[in-house]
Amino acid sequence: MLYESLCAVTTTPPLSCESIALSLTDKNQQGEITSNLALQLASKLGLAPRTLATTLQKHLQDNPHIRTVDVAGPGFLNLTLTPTFWHQQLQALLAVKTPLTCAIGNNERVNLEYVSANPTGAMHVGHARGAVFGDVLANMLQASGYDVTREYYINDAGEQINHLIASTLWHYQTLAGRTPPKPENFYPGDEIKHCAQDLYRQHGKAPLALLDQAPPTRTQTLRRHVTDSMLAIIRQDLACLRIRHDVFSSEEELHRSQAIEASIDTLTKKGLVYEGTLPPPKGKEDETWRPTPTLLFKAQQFGDEQDRPLKKDNATWTYFAADIGYHQNKLARGFTTLMNIWGADHSGYRARLQGAVQALSNGQAQLKVLLMAMVRLTVEGKHVKISKRSGNVITLRTLVEETSADAVRFMMLTRRHDAPLVFDMQTAIQEKRENPLFYVQYAHARCCSVLRQPLAQKILAQTDAPKSTPPGTPPLSSLTAEHEIALIKVLACWPYFFEKAVLALEPHRITYLLTMTAESFHSLWSQGKQNHQLRFLDENDSERTADRLALIQATQRILKAGLALLGITAMDELRDND
RNA sequence: GGCCCCGUAGCUCAGUUGGAUAGAGCAACGGACUUCUAAUCCGUGGGUCGCACGUUCGAAUCGUGCCGGGGUCGCCA
């Protein structure tokens, strides 16, 4: 809204300025709002930046919201706005029912695929990051008017599942009193053992009947049982982080329904599939490499480094082929924007799938791939190795149990998705400034604490009823202290920054803004300790108190709404009253 | 070796998509509780934004080349 009002004022020169970005508030002495508008427009208009800035300055001076306009440096416009302007921003904020929403989505259907961990056991710490990221991004998109479907792709076909099935069968046979040789690629982990035990129990009366089944039938039975029980574990893990999906899609289903054939067929008709041989990997010696002709997708046409195989040597479809079928399926369901959240180890896979989506949709749909960088866990500052081989895997569940779902959700979003993240177990649960979630919750609790006071209740009851402000005085006009205005600015910028965060697909900006808001509020709070004039509640001045309560209400609502986007419930009270 | 991501204070990281004198937290030091919750706040010190060119009024941000870290490189998913 700052943005718009400024644009409206500056459209006086003969050029639209929609595409020109303004920079917002800065806390130093260069005005409250600074704009590089003149610098940007000057070259287009063929004017010197400073002369353009000066003409703009003359127009802007007439604006009643603007107190001072300065031209500085090469042609910056530094504006100082009237307190009334900020009061109006605050009022506008209080007038909206749901503070953090916008309408940029236009009901566009977005398919957001995240987690999609292989159903091979419990989820670990790395999965948690992608899970939280996807979940919060979905929240943000929904709040912005997108029609979001949260999706999970179950990799229940392929070799890994075959290993799982073989391992389960081995456990099963052992339970039945037999001593079969351990299969190759035996899958360690208690989950498989439990899985076999469950199955044994179900077949209690005639456990050996399963072993007597013909191998294809037996495999089918085992497959369903294994994937079901692994998926149950995953769903529980996700549930303890309060993460949900709307749709679970099965890879196996794609194989069964001939969906893969159909999609490859589509690509073949477009002339993008051929039988060929790939060159050997460059710069890497591999004696086992043999040139083998296979079915290839022309990924190079879409910017990939090379064409990519669709069939394995054993004539079954590759994972890529199945994924093409899957994304064809997404497109068929009417999605034009697809977003996939992957671990950074899949970066080499991005170009080929984007190519496939482009080909399948004739360039009508786009696939955005967001790669999650690694998570490192520390305990008391020391790194905990997360390695599957050492069996030292910290599971998602352990992490949540030792901290909390709220802590994991917040901490996982304190960094950009493509930057590595260090998660410190102590910090996540500490009730200290350096735990940002606590810091934000504390600010919210403090807001609630003030609003709970009898005096506050009394004044709120008065202002809620008739309009008690005397006519002629603008509302909220008593909020003039530096720290009060500073807090209003932070609050007023939220809608703008929220929108930017959505467009950038960057949930971490929400945690950052929450921390900034809490900081500004805590700072204002402490002012009241130095200077009692700045305390929120003053029984001798109900006007000022009412205005300050409005500011606190706005702060409280923004904090609550921001936390809600993160899937975290704001706390009204933090201290135990024992 | 090819490709992708990253490199910002001693440590962990932001930096509003090209703006002015680059910001937080932790760690160090010094202050503020007759309270609307001091679980907080205020202040001080701390920088060749990996290096070098280039693009322009202007670069942590964009381009190219190096250096360093991580990931990945047909028949794993």
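Of A:282/A:382; A:312/A:368; A:97/A:489; A:382/A:529, which pairs sit farther than 29 Å apart, going by alpha carbon to alpha carbon?
Over 29 Å apart, Cα to Cα: A:282/A:382; A:382/A:529.
Largest first, how would A:424, A:228 line up by accessible area (1.4 Å probe)?
Solvent-accessible surface, decreasing: A:228, A:424.
Which of A:567, A:370, A:492 sits farthest toward the positive end of the charge dipole of chain A, with +1 on the Cβ of Lys and Arg and -1 on the Cβ of Asp and Glu?
A:370
Tell me, what is the 1.4 Å probe accessible area of residue A:104, in Å² to the nearest 10?
50 Å²
Would you mind getting the accessible area per residue of chain A, heavy atoms of the protein chains only, 1.4 Å probe, in Å²?
On a per-residue basis, 49 Å².
Give the ranking of A:543, A:380 by solvent-accessible surface, highest area first, calculated with a 1.4 Å probe.
Descending order: A:380, A:543.
Which is farthest toward the positive dipole end of chain A among A:425, A:306, A:146, measuring Cα position about the Cα centre, with Cβ charges +1 (Lys, Arg) and -1 (Asp, Glu)?
Toward the positive end, the furthest listed residue is A:306.
Between residue A:430 and residue A:265, how high is the FRET efficiency from 1/(1 + (r/R0)^6) when r is the Cβ-Cβ distance and R₀ = 51 Å? Nearest 0.05.
FRET efficiency, residue A:430 to residue A:265: 0.35.
Would you kindly find the accessible area of residue A:270, with a 1.4 Å probe and non-protein molecules such as ligands, DNA and RNA excluded, rounding to the nearest 10 Å²?
80 Å²
For chain A, what % of the accessible area comes from carbon and sulfur atoms, probe 1.4 Å?
Answer for chain A is 50 percent, counting heavy atoms of protein chains only.
Please list the equivalent ellipsoid semi-axes of chain A, computed as the square roots of five times the alpha-carbon gyration tensor eigenvalues, in descending order and whole angstrom.
The answer is 55, 33, 19 Å, longest axis first.
For the stretch A:436-565, give the magnitude of the charge dipole about the Cα centre (Cβ charges: +1 Lys/Arg, -1 Asp/Glu; no others), in debye to the nearest 20.
In debye, rounded to 20, the stretch A:436-565 gives about 240.
Mind checking the dipole of the stretch A:307-420: about its Cα centre, +1 per Lys or Arg Cβ, -1 per Asp or Glu Cβ, Debye to the nearest 20?
The calculated dipole for the stretch A:307-420 is roughly 160 debye.
Please get the size of the charge dipole for chain A, origin at its Cα centre, with Cβ charges of +1 on Lys and Arg and -1 on Asp and Glu, quoted in debye to the nearest 20.
340 debye
Accessible area, 1.4 Å probe, largest first: how do A:193, A:458 sort?
Final ranking, largest accessible area leading: A:458, A:193.
Where does helix A:125-143 land angle-wise versus the long Cα axis of chain A, in degrees 0 to 90, nearest 10?
It is inclined by approximately 50 degrees.
Give the residue from A:175, A:185, A:225 lying farthest towards the positive end of the charge dipole for the stretch A:159-240; charges sit on Cβ (+1 for Lys and Arg, -1 for Asp and Glu) and the dipole is referred to the Cα centre.
Highest projection toward the positive end goes to A:175.
Pop the C-beta distance of residue A:82 and residue A:30 into the FRET formula with R0 = 22 Å and round what comes out to the nearest 0.05.
For R0 = 22 Å, the calculated efficiency reads 0.80.
I'd like the accessible area for residue A:442, computed on protein heavy atoms only with a 1.4 Å probe and all protein chains in place. Round to 10 Å², please.
Using a 1.4 Å probe on the heavy atoms, I get roughly 80 Å².
The values are calculated or read from the model by the stated rules, or taken from the named source; none is laboratory data. Note that the structure is predicted; figures quoted are calculated from it, not measured. Reconstructed Cβ throughout: ideal geometry from the backbone, glycine too, with neighbour counts over all protein chains shown. Accessible surface is based on the protein model in full, side chains and every heavy atom, while ligands, DNA and RNA are left aside. Shrake-Rupley method; radii C 1.70, N 1.55, O 1.52, S 1.80 Å.
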